[in-house]
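Engineer: Here it is, the structure, as structure tokens.
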Amino acid sequence: MSASDYTRDEIMTVTAARQLPNGAVCFVGIGLPSAACNLARMTHAPDLVLIYESGTVGTRPTVLPLSIGDGELAETATSVVPLPEIFAHYLQRGRVDFGFLGAAQIDRHANLNSTVIGAYARPKVRLPGAGGAPEIATFAGEVLIIMKQTPRSFVPRLDFRTSCGYLAGSGARAATGSPGAGPRAVITDFGVLRPDPDTHELTLTALYPGITVEAAQAATGWPLKIGTRLETLPAPDSDELRVLRALQASTRQAQARPVRITLPAAI
Amino acid sequence: MSASDYTRDEIMTVTAARQLPNGAVCFVGIGLPSAACNLARMTHAPDLVLIYESGTVGTRPTVLPLSIGDGELAETATSVVPLPEIFAHYLQRGRVDFGFLGAAQIDRHANLNSTVIGAYARPKVRLPGAGGAPEIATFAGEVLIIMKQTPRSFVPRLDFRTSCGYLAGSGARAATGSPGAGPRAVITDFGVLRPDPDTHELTLTALYPGITVEAAQAATGWPLKIGTRLETLPAPDSDELRVLRALQASTRQAQARPVRITLPAAI
Amino acid sequence: MQLLPLKEAIAAHVRDGARVALEGFTHLIPFAAGHEIVRQERRNLHLIRMTPDLIYDQLIGMGCASQLTFSWGGNPGVGSLHRLRDAVEHGWPQPLALTEYTHAELALGYQAGASGMTCGLMLHHTDTDLDRVSSSSRRTLSCPFTGRPLKAVPAIRPDVTILHAQQIDAAGNVLLRGIIGAAKEAAMAAERLVVTVEEQVARLDADMNAVVLPSWLVTAASIVPGGAWPSYAHNHYPRDNRFYLAWDEIARERGAFTAWMERHVLGVRDHAEHLRLLGVAA
Amino acid sequence: MQLLPLKEAIAAHVRDGARVALEGFTHLIPFAAGHEIVRQERRNLHLIRMTPDLIYDQLIGMGCASQLTFSWGGNPGVGSLHRLRDAVEHGWPQPLALTEYTHAELALGYQAGASGMTCGLMLHHTDTDLDRVSSSSRRTLSCPFTGRPLKAVPAIRPDVTILHAQQIDAAGNVLLRGIIGAAKEAAMAAERLVVTVEEQVARLDADMNAVVLPSWLVTAASIVPGGAWPSYAHNHYPRDNRFYLAWDEIARERGAFTAWMERHVLGVRDHAEHLRLLGVAA
């Protein structure tokens, strides 16, 4: 059933897709989350409802968009609403089951930084910033995080806290009254980390085939907690790989297509 | 130019219509205000912008609607928006130049009651209530009031203050920071009352042809202040009467038309 | 979304004592659903609606409601709602507790409910007696940036909102077209959403920016042609202004009202029979 | 509404030091108008936009702006905005003061501005460092009904909002179709509204509930076919994802960026010439 020849990006995307139950409502960001959500929709979860912050609700793209506002998303949507409604009527209202986040830095309690490396006033690297992340982190029923694991991104201390995971852990998040349950899983290119039920410290609970605990530890900027029962995740099956690769191929093709505009003769 | 044969309702409507300059943005209520606004639009003010609280912006009906949400209003509108936007994006935002109000009771400072006659908790007459009136009274650039003048409706003291005119007068309204200027004119079936520039007490400034000051005073429940220069208003001209009567005839005709619904055979 | 006969949808989702909003501003008023509530003899409902209109006059006169949240309670363009008046003025058939707003306030309350907020904010306007009699429904506060006086109204969260719409597609998505009032906000604010529609279609006749309620927000839907009569459904039938004028006479006296409701609502099986009995449908 | 050549519309309505919002979320970004601002060498603008995108990278890199209010400043799907980064990290070509929001906060600020409010309210979420660094842009307060912690953000009121749209009709009404982001709120919030459109038509191709900005809200309009390129205009042309990918290289170094802008923006008379020079239009 499983294909032996796949990339780390592919198993990461497939693993993320598998977290999504059919019928769930997902708030989708661009890049790996969009690939994962659409892969899930085109395999085991045909009734997945995808919401992009641009205002498209129930969108069913056949080509992965480069931006969250591509025309494909509007054309295949159930409904296109003003952006403020997405955040108010859907996210803050509690209509979103799953939110996806990525970031430049994550700490052991799944707090995220997507704002700056260095000091805010004089940053070493100015990152894009918050976007929808802080509210997704707060209001989505559950949060899934997709990030490549490196010592530079999995850090003991964030340079800037853009979005909250479990704050200092051990119930600190729940004490704030935050409506969503917080990050349920961090899917990396090594495996999956989940919060400890008591301390909320991220704990390695599963690895991809052939990946060692030592490698995962070396890719983490803090002493990584290892779960007592360490699962080996199944490789992508051939159907998943076929769908994912077809999606990406059609996307590359669409993006290579030149745009031509016909100007009226008078201009 | 002027037609000698007209009703008091007609001259009242025509006089109200004449208050509206071309290009103004009007928040229209049903009944006489709707007739006046559309008469103005079909005579001297073709670019009048009519907004009905149901959500229709820039509507140009050929038949006066019975309700503020008739289909005719939507079909002839520039834009149909959700009702909350009418109150937020148009009225509260200060985009409305003129608001029209009527009421069951008015006092000498043009405060209005459309809620109850008698005590609120055990009313003698329960009236429809506020609707859009309190916000129109506050946020429209200017307010025009259309009401038939009787001692029961022009009262020394309101049973209930639903919408504010000039409160206790003498600058009391401006002191609240209310954005709109307040009622500029009260158009009755006797003539026109305007607020005194200092005390804001309603003052009779104009009468229809053939109407006496004494008659207007007798129709008012307080000692009516009479303006120093009392104008005689021109009668409706033949064009105004023709347009108004044609509008009302087409409305009566439309309202007499029976509605037939075809049910699917299976039902 | 569950597609059900209207009788079952009301039985399953409208409970005695529930906060129920039947919305639709002049247009798309869910009369058929309201009549089914009368037929099922629901009691002590807390009715919520910007403009009670004839449908709430009927529910109130038939003793279904003990509370009303509203902003304008008249027969549009005609005059009074006699049954609403009788309940407020004389407690017949039972007393009716009022929570009274302005249109702007009630729309804001729905918006707040739709947004998961606890309250909504507007500019404070000069005090009216409404602020005095419904003081628990309004608070003034100062803008934290400018100090300007603001007014807060509490979020409105119906247990169930009921709407009428033009179309439902095979997947259960619902299209509303034309004047929508605060229907979308009332829908998003509610715990449950019940919809009646004119017709089921394979694909909605909907532009990209049309008002479409996704199927997963719809708790139950029923196909009820003519379900908004005597209000209207754009593209299907116009408002029956003659009936709105006639209602003034029908509802004026208790006896005539009750007789009319017994014959035309309680005495029929469903909305199609109601329309046929009144000669509106063949 | 005044129909003007774009050059005159920008000259008349965008002043040095103004608060300017060019909105359009991925879709309908008014690139032609932005380029005209570059050509007219406006200075010290306070730029406002949810997603600065390439258009603000260009304005910032050409020294038009001293302030930026935004919520996500990247090249969507590609990576960094190098000119925005250079301004923030190194003050080149001049320092850029940031007011930074989340999407939800900035959308709320536009909504508040559009509604004539002084501020907007949302549920308060767990503290982030954004609350700390832009504390003047946020306040926490308690819900007066429930005591729940709420967050207020100030209303955003641009001096001028600039949008691109598909159509304008003979009367000057403007149709936006497809993804609209916060364009409507930004339009209603502004003192002045300048619009570029793909085409003028006798009658808008608009459904009843379409997004139409009435002519009397439009200060000035210019007909600029292709005016959203390299973003897109639904029904007219798709997003030029190739250009978004190419921009990463063009904007990476100061010299290459400046040379590109001099040749392709300053060196052309108008947007049509810009499109022809780039081989996008014939």
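This table checks each residue for (1) free of Cβ contacts under 8 Å to residues at least 12 places away in the same chain; (2) part of a helix (DSSP H, G or I); (3) away from chain B (no Cβ under 12 Å); (4) surrounded by fewer than 24 Cβ atoms within 10 Å (Cβ to Cβ).
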{"site": "C:Ala12", "(1), (2), (3), (4)": "no, yes, yes, yes"}
{"site": "C:Val20", "(1), (2), (3), (4)": "no, no, yes, no"}
{"site": "C:His35", "(1), (2), (3), (4)": "no, yes, yes, no"}
{"site": "C:Leu47", "(1), (2), (3), (4)": "no, no, yes, no"}
{"site": "C:Ile55", "(1), (2), (3), (4)": "no, yes, yes, no"}
{"site": "C:Ser66", "(1), (2), (3), (4)": "no, no, yes, yes"}
{"site": "C:Thr69", "(1), (2), (3), (4)": "no, no, no, yes"}
{"site": "C:Val88", "(1), (2), (3), (4)": "yes, yes, no, no"}
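Engineer: Answer yes or no as to whether B:Gly69 is at the interface with chain C (Cβ under 8 Å from one of its Cβ atoms), without any contact (Cβ under 8 Å) to a residue 24 or more places away in the chain and either under 20 Å from the mean Cα position of the chain (by Cα) or closer than 18 Å to B:Leu20 by Cβ (or both). Outline the logic, then answer.
Structural biologist: Values: at the interface with chain C (Cβ under 8 Å from one of its Cβ atoms): yes; without any contact (Cβ under 8 Å) to a residue 24 or more places away in the chain: yes; either under 20 Å from the mean Cα position of the chain (by Cα) or closer than 18 Å to B:Leu20 by Cβ (or both): yes.
Here the answer is yes, as B:Gly69 does meet what is asked.
Engineer: Looking for something over 20 Å from the mean Cα position of the chain (by Cα) and assigned to a loop (DSSP other than H, G, I, E, B) - is there at least one such residue anywhere in the range D:180-197? Lay out the reasoning, then the answer.
Structural biologist: Restricting attention to the range D:180-197, the residues satisfying the condition of being over 20 Å from the mean Cα position of the chain (by Cα) are none.
Within the range D:180-197, not a single residue is over 20 Å from the mean Cα position of the chain (by Cα) and assigned to a loop (DSSP other than H, G, I, E, B).
Engineer: Okay, next question. Quick check on this structure: which one of B:Ala215, B:Ala181, B:Ala174 is surrounded by fewer than 17 Cβ atoms within 10 Å (Cβ to Cβ) and at pLDDT below 95? First the steps, then the outcome.
Structural biologist: Working: B:Ala215 fails: at pLDDT below 95; B:Ala181 fails: at pLDDT below 95.
Step by step, each of B:Ala215, B:Ala181, B:Ala174 is checked, and only B:Ala174 is surrounded by fewer than 17 Cβ atoms within 10 Å (Cβ to Cβ) and at pLDDT below 95.
Engineer: Working carefully through the options D:Arg42, D:Arg83, find the one that is within 18 Å of D:Gly17 (Cα to Cα), in the same structural domain as D:Leu266 (by TED's automatic domain parsing) and in contact (Cβ under 8 Å) with a residue 24 or more places away in the chain. It would help to see each step written out before you state the result.
Structural biologist: On the way: D:Arg83 fails: within 18 Å of D:Gly17 (Cα to Cα).
When all the criteria are applied, what remains is D:Arg42.
Engineer: Can I ask one more? Going by the structure shown, is D:Asp169 touching a Lys or Arg at 6+ places or on another chain (Cβ under 7 Å) and in contact (Cβ under 8 Å) with a residue 12 or more places away in the chain?
Structural biologist: Values: touching a Lys or Arg at 6+ places or on another chain (Cβ under 7 Å): yes; in contact (Cβ under 8 Å) with a residue 12 or more places away in the chain: yes.
Here the answer is yes, as D:Asp169 does meet what is asked.
Engineer: Any residue at all in the range A:45-56 that is over 29 Å from C:Glu185 (Cβ atoms), surrounded by fewer than 24 Cβ atoms within 10 Å (Cβ to Cβ) and not charged (D, E, K, R)? Write out each step before concluding.
Structural biologist: First, the residues of the range A:45-56 that are over 29 Å from C:Glu185 (Cβ atoms): A:45-46.
Among the residues that remain, those that are also surrounded by fewer than 24 Cβ atoms within 10 Å (Cβ to Cβ) are: A:45-46.
Retained after the next criterion (residues that are not charged (D, E, K, R)): A:45-46.
Taking every residue of the range A:45-56 in turn, at least one turns out to be over 29 Å from C:Glu185 (Cβ atoms), surrounded by fewer than 24 Cβ atoms within 10 Å (Cβ to Cβ) and not charged (D, E, K, R).
Engineer: Please go through the range A:197-213 and give me each residue that is closer than 24 Å to A:Ile11 by Cβ and under 20 Å from the mean Cα position of the chain (by Cα), ordered by number.
Structural biologist: At the first step, the residues of the range A:197-213 found to be closer than 24 Å to A:Ile11 by Cβ are A:202-213.
Answer for the range A:197-213, where residues must be closer than 24 Å to A:Ile11 by Cβ and under 20 Å from the mean Cα position of the chain (by Cα): A:Leu202, A:Thr203, A:Leu204, A:Thr205, A:Ala206, A:Leu207, A:Tyr208.
Yes/no per residue for (1) free of Cβ contacts under 8 Å to residues at least 60 places away in the same chain; (2) polar (S, T, N, Q); (3) facing chain B (nearest Cβ under 10 Å):
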| residue | (1), (2), (3) |
| --- | --- |
| C:Gln94 | yes, yes, no |
| C:Leu98 | yes, no, yes |
| C:Tyr101 | yes, no, yes |
| C:Leu106 | no, no, yes |
| C:His124 | yes, no, yes |
| C:Leu130 | yes, no, yes |
| C:Ser134 | yes, yes, yes |
| C:Cys143 | yes, no, no |
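Engineer: Hey, any hits in the range A:90-103 for a residue that's surrounded by fewer than 23 Cβ atoms within 10 Å (Cβ to Cβ), among the basic types (Lys, Arg), within 11 Å of chain D (Cβ to nearest Cβ) and more than 15 Å from the chain's Cα centre (by Cα)?
Structural biologist: Yes, the conditions are met somewhere in the range A:90-103.
Okay, residues lined up against (1) without any contact (Cβ under 8 Å) to a residue 24 or more places away in the chain; (2) touching a Ser or Thr at 6+ places or on another chain (Cβ under 7 Å); (3) away from chain D (no Cβ under 14 Å); (4) aromatic (Phe, Trp, Tyr):
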{"site": "A:Val143", "(1), (2), (3), (4)": "no, no, no, no"}
{"site": "A:Ile146", "(1), (2), (3), (4)": "no, no, yes, no"}
{"site": "A:Arg152", "(1), (2), (3), (4)": "no, no, yes, no"}
{"site": "A:Val155", "(1), (2), (3), (4)": "no, no, yes, no"}
{"site": "A:Phe160", "(1), (2), (3), (4)": "no, yes, no, yes"}
{"site": "A:Leu167", "(1), (2), (3), (4)": "no, yes, no, no"}
{"site": "A:Gly171", "(1), (2), (3), (4)": "no, no, no, no"}
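Engineer: So which residues in the range B:193-212 are among the small types (Gly, Ala, Ser) and surrounded by 14 or more Cβ atoms within 10 Å (Cβ to Cβ)?
Structural biologist: Going residue by residue through the range B:193-212, those that are among the small types (Gly, Ala, Ser) are B:206, B:210.
Once the filter is applied, which keeps residues that are among the small types (Gly, Ala, Ser) and surrounded by 14 or more Cβ atoms within 10 Å (Cβ to Cβ), the range B:193-212 yields only B:Ala206.
Engineer: Find the residue count for the range C:217-270, including only residues that are within 11 Å of chain B (Cβ to nearest Cβ) and part of a strand (DSSP E or B).
Structural biologist: Number of matching residues: 4.
Engineer: Hey, another quick one. Mind checking which pairs have a first residue in the range B:226-246 that is touching a residue at least 60 places away in the same chain (Cβ under 8 Å) and among the β-branched types (Val, Ile, Thr) and a second that is part of a helix (DSSP H, G or I) and surrounded by 13 or more Cβ atoms within 10 Å (Cβ to Cβ), Cβ under 9 Å, 6 or more apart or different chains?
Structural biologist: Final answer for the pair search is B:Val243/B:Asn38; B:Val243/B:Leu39; B:Val243/B:Met42.
Engineer: Quickly run through the range A:216-267 and pick out the residues that are more than 29 Å from A:His44 (Cβ to Cβ), of a type outside the set (Val, Ile, Thr) and either within 13 Å of chain D (Cβ to nearest Cβ) or in a helix (DSSP H, G or I) (or both).
Structural biologist: Answer for the range A:216-267, where residues must be more than 29 Å from A:His44 (Cβ to Cβ), of a type outside the set (Val, Ile, Thr) and either within 13 Å of chain D (Cβ to nearest Cβ) or in a helix (DSSP H, G or I) (or both): A:Gln217, A:Ala218, A:Ala256, A:Arg257, A:Pro258, A:Arg260, A:Leu263, A:Pro264, A:Ala265, A:Ala266.
Engineer: Before we move on, is C:Leu96 out of contact with any Gly (no Cβ under 6 Å at 6 or more places or on another chain) and outside the structural domain of C:Gly24 (by TED's automatic domain parsing)? Explain how you work it out, then say what you get.
Structural biologist: Values: out of contact with any Gly (no Cβ under 6 Å at 6 or more places or on another chain): yes; outside the structural domain of C:Gly24 (by TED's automatic domain parsing): no.
For C:Leu96, the condition - out of contact with any Gly (no Cβ under 6 Å at 6 or more places or on another chain) and outside the structural domain of C:Gly24 (by TED's automatic domain parsing) - is not met.
Engineer: Would you say D:His103 is closer than 30 Å to B:Glu135 by Cβ, of a type outside the set (D, E, K, R) and modelled with pLDDT under 95?
Structural biologist: no
The values are calculated or read from the model by the stated rules, or taken from the named source; none is laboratory data. Quick caveat, the model's predicted, so the values are computed rather than measured. Backbone-built Cβ (ideal geometry, glycine too); neighbour counts: all protein chains shown.
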